[in-house]
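A.B. asks: Below is one structure. I have some questions about it.
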Amino acid sequence: MRILGTFISLLVIAGCSGGSSSSPVSTPVLSVTPGSLAFTGQSGNANPASRTISVTNAGGGTLLWTASGNTTWLSVTPTSGAAPSTVSVSVDISGLATGTYNGAVTITSTGATGSPKSIPATLTVGSPPAALPQISLSPLVGGFVLPVHVTHAGDGSGRIFVVEQAGRIRILDNGVVLPVPFLDLASLASPRLVSGGEQGLLSVAFPPGFTTKHYFYVNYTRIQDGATVVARYRVSIGDNNVADPASEEIILTVSQPFANHNGGQLAFGPDGYLYIGMGDGGSGGDPQNNGQSPGTLLGKLLRIDVESGVQPYRVPPDNPFLLSAGYLPEIWALGLRNPWRFSFDRGTGDLYIGDVGQGNVEEIDFQPAGEGGQNYGWNIMEGDSCYPPGTVGCNRADLAPPVFVYDHSHGCSVTGGHVYRGSAFPSLQGVYFFGDLCSGRIWGIRKNGAAWDNALLAENTALTITTFGEDESGNVYVVNYANGELLRIVSP
């Protein structure tokens with residue numbers, strides 16, 4: 001018993017002695033995103049938009065940091081703080097010659113694991129902006145009822161096809177609107193589509209080789225449930241100016257949780273595949289997070305093969321997310337709110353998208369020819385700003401920024417347009433025209449090296465711009481939704 005008591009006493013003394021039972025102090029771990037920064041500007045023009053770096057502590061304790069830039073053209077605000085927080089990085093291109101400049105931002109936290117962090121910053125200064133040409137609008141013809149899309153068939157006929165929201169497609173042939181609609185879904189005994197607001201017959205697309213195929217595709221809103229329908233129709237035998245409304249073959253349907261943000265654009269790309277613009281499903285702010293969700297077709301640009309003979313369609317083998325777990329294979333790009341009109345530059349194959357903003361910023365997105373897989377940011381971003389407004393330090397890593405934005409002091413809803421590739425006005429070559437639904441303003445942008453020239457080219461508050469269009473010769477048109485007029489963009 002004495003031996004046992006002595007042993008217990010030793011255990012008690014050992015347990016009470018020293019400070020070995022104290023909890024260790026956790027070490028802070030410095031983490032920063034993104035891993036690099038890129039700025040693009042034009043000599044003699046305004047400075048590029050600032051970028052943000054998020055500073056966080058991936059460990060324990062308190063992390064205090066300081067920030068600095070290593071060049072005269074690079075600055076940071078604030079220069080110190082406590083994680084989590086953000087650093088705004090800006091550049092000053094005044095006095096810089098055309099070229100590429102390399103710098104870095106350094107984030108330091110004394111005693112933190114991973115400190116310091118160096119974030120490379122690249123600044124590309126392009127040539128001074130070139131003046132864009134003046135334009136005017138030449139009225140061509142009126143009488144259309146709520147026009148929402150204008151295109152051509154690529155069949156050598158010179159015909160222009162105008163989609164009316166209520167369910168008709170009209171033909172303009174040699175300056176004359178034909179009395180009988182090309183397609184009439186508005187007069188069917190059993191209605192197929194619902195029209196009004198952002199719903200209705202929204203676009204038509206003609207496949208390569210339409211001259212011999214005699215069929216085409218439309219996008220409309222189904223009356224029973226508001227779903228998006230992509231369908232194929234055939235031209236009537238013996239009359240190339242009239243289609244058969246009974247020939248419908250449904251290619252794709254996509255359920256819509258709300259009545260707005262339907263997207264609705266169809267277009268064949270230079271690769272012969274059909275591209276479909278899908279809005280985020282509607283309401284406001286993307287409550288279902290469809291823009292960023294890989295498991296839905298909403299908030300995406302889709303790419304499918306409807307000409308291979310596989311029914312109803314085939315997924316192209318080079319679609320960017322074909323082998324990505326969790327992604328629907330039809331997705332070509334994501335992060336879109338409501339892509340109201342996109343188009344391919346017939347000269348380069350590049351893709352331009354007008355994506356309608358929530359309540360503050362409208363944007364034009366750009367995709368180099370053949371390069372899918374972009375994430376255009378919604379609803380992490382609205383235009384070039386974090387969303388919702390007031391959010392600080394949203395993660396912009398891997399997001400494709402817009403090439404042009406404007407706020408709601410200049411309009412309310414962007415309408416994407418076309419790049420001019422006609423021969424009548426050489427000064428307009430390469431200019432992408434787009435506008436605003438509410439203000440009637442028309443802008444032009446043109447790629448200038450790594451930068452973009454831009455200018456407000458027309459202000460006409462009498463226009464309600466729902467679409468631009470292109471004919472076989474590369475001329476660009478704009479419609480007035482309010483009075484049904486089709487106008488041609490010309491250079492005086």
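A.B. asks: If you take the square roots of the eigenvalues of the alpha-carbon gyration tensor of the range 30-126 and sort them as a ≥ b ≥ c, do you get rounded (a/c under 1.5), prolate (a/b over b/c) or oblate?
C.D. replies: Values: a/c = 2.81, a/b = 2.58, b/c = 1.09.
It comes out prolate by the Cα gyration axes.
A.B. asks: Could you compute the net charge surrounding residue 268? Neighbours are other residues with a C-beta less than 11 Å from the C-beta of residue 268; K and R count +1, D and E count -1. Numbers along the way, then the final one.
C.D. replies: On the way: positive: 303; negative: 271, 305, 307.
Result for the neighbourhood of residue 268: -2.
A.B. asks: Extending each Cα 7 Å along its Cβ direction at residue 360 and residue 450, get the distance between those two points in nm, one decimal.
C.D. replies: 2.8
A.B. asks: Further question on the same structure: Once the piece of chain linking residue 249 and residue 178 is laid out straight, how much longer is it, given 0.36 nm per residue of separation minus the C-alpha distance between them?
C.D. replies: Net length gain for the segment: 23.0 nm.
A.B. asks: Return the sequence-ordered ³J(HN,Hα) values of the range 373-389 in whole Hz as given by the Karplus equation 6.51 cos²θ - 1.76 cosθ + 1.60 applied to θ = phi - 60°, using x for Gly and Pro.
C.D. replies: Going residue by residue, I get x, 5, 10, 8, x, 5, 10, 6, 10, 10, x, 9, 10, 5, 10, x, x Hz, with x marking Gly and Pro.
A.B. asks: Based on the alpha-carbon gyration tensor of the range 288-361 and its eigenvalue square roots a ≥ b ≥ c, which shape applies: rounded if a/c is under 1.5, prolate if not and a/b is larger than b/c, or oblate?
C.D. replies: Oblate, because a/c is 1.5 or more while a/b does not exceed b/c.
A.B. asks: Round to the nearest 0.05 the FRET efficiency obtained for residue 224 and residue 50 when R0 = 56 Å and r is the Cβ-Cβ distance.
C.D. replies: E between residue 224 and residue 50, to the nearest 0.05, is 0.70.
A.B. asks: How high is the relative contact order of the range 222-371, in percent, with contacts defined as C-alpha pairs under 8 Å that are six or more residues apart?
C.D. replies: Relative contact order of the range 222-371: 17 percent.
A.B. asks: What distance in nm separates the two pseudo spin-label positions at residue 92 and residue 460, each 7 Å out from Cα along the beta-carbon direction?
C.D. replies: 4.4
A.B. asks: Now a separate question. Answer rounded, prolate or oblate for the range 287-420, using the Cα gyration tensor with square roots of eigenvalues a ≥ b ≥ c: rounded when a/c is under 1.5, else prolate when a/b is larger than b/c, else oblate.
C.D. replies: In terms of gyration-tensor shape, oblate.
A.B. asks: What is the spin-label model distance, in nm, from residue 58 to residue 234 if the labels are put 7 Å beyond Cα along the C-beta direction?
C.D. replies: Going from the residue 58 label point to the residue 234 one covers 6.0 nm.
A.B. asks: Take the Cα atoms of the chain, build their convex hull, and give its volume per residue in Å³. If you can, show how the numbers build up before the last one.
C.D. replies: Values: hull volume 96.0 nm³, N = 492.
Taking the convex hull of the Cα positions in the chain, it is 195 Å³ per residue.
A.B. asks: Past the 20 angstrom mark, what percentage of all C-alpha to C-alpha distances in the range 163-227 do you count?
C.D. replies: Taking all Cα-Cα pairs of the range 163-227, the fraction more than 20 Å apart is 34 percent.
A.B. asks: Something else: Would you calculate a helix-derived [θ] at 222 nm for the chain, using -39,500 (n - 2.57) for each DSSP H run of n ≥ 4 and dividing by the full residue count, to the nearest 500?
C.D. replies: -1000 deg cm²/dmol
A.B. asks: OK, next. What's the ranking of 352-359, 67-74, 319-326 by average number of surrounding C-beta atoms within 10 Å, highest first?
C.D. replies: Ranked by mean Cβ neighbours within 10 Å, highest first: 352-359, 67-74, 319-326.
A.B. asks: Right, next: To make sure I understand, if each residue's beta carbon is the centre and we count other beta carbons within 10 Å, what order do 418, 408 fall in, fewest to most?
C.D. replies: 408, 418
A.B. asks: Fully extended, how many nm does the chain gain between residue 27 and residue 397 (0.36 nm per residue separation, minus their Cα-Cα distance)?
C.D. replies: 130.5 nm
A.B. asks: Let me ask another. What is the Cα convex hull volume of the range 413-492 when expressed per residue in Å³? Write out the running numbers ahead of the final one.
C.D. replies: Values: hull volume 7.4 nm³, N = 80.
With only Cα atoms used, the range 413-492 gives 93 Å³ per residue.
A.B. asks: To one decimal place, what orientation-averaged projected area in nm² is obtained for the convex hull of the Cα set of the range 360-453?
C.D. replies: Seen from a random direction, the Cα hull of the range 360-453 projects 7.4 nm² on average.
A.B. asks: Less than 9 Å Cβ to Cβ from residue 429, Lys/Arg counted +1 and Asp/Glu -1: what total charge do the surrounding residues give?
C.D. replies: Taking every Cβ under 9 Å from that of residue 429, the sum is +2.
A.B. asks: While we're on this one: Between beta-carbons, use under 11 Å as the cut-off and find the net charge around residue 349, counting Lys and Arg +1, Asp and Glu -1.
C.D. replies: -3
A.B. asks: Give the order of 188, 328 when sorted by the count of other beta carbons within 10 angstrom, beginning with the fewest. The partial results should precede the final answer.
C.D. replies: Details: 188 12, 328 18.
Placing the least packed residue first, the sequence is 188, 328.
A.B. asks: Let me ask something additional. On a full-extension model of 0.36 nm per residue, what is the gain between residue 322 and residue 429, subtracting their alpha-carbon distance, rounded to one decimal in nm?
C.D. replies: My answer for the length gained is 34.9 nm.
None of the figures in this text is laboratory data; all of them are computed from the coordinates on show. These figures come from a predicted structure and were not determined experimentally. Positions of Cβ are generated from backbone atoms using ideal geometry, with glycine treated the same way; all protein chains shown enter the neighbour counts.
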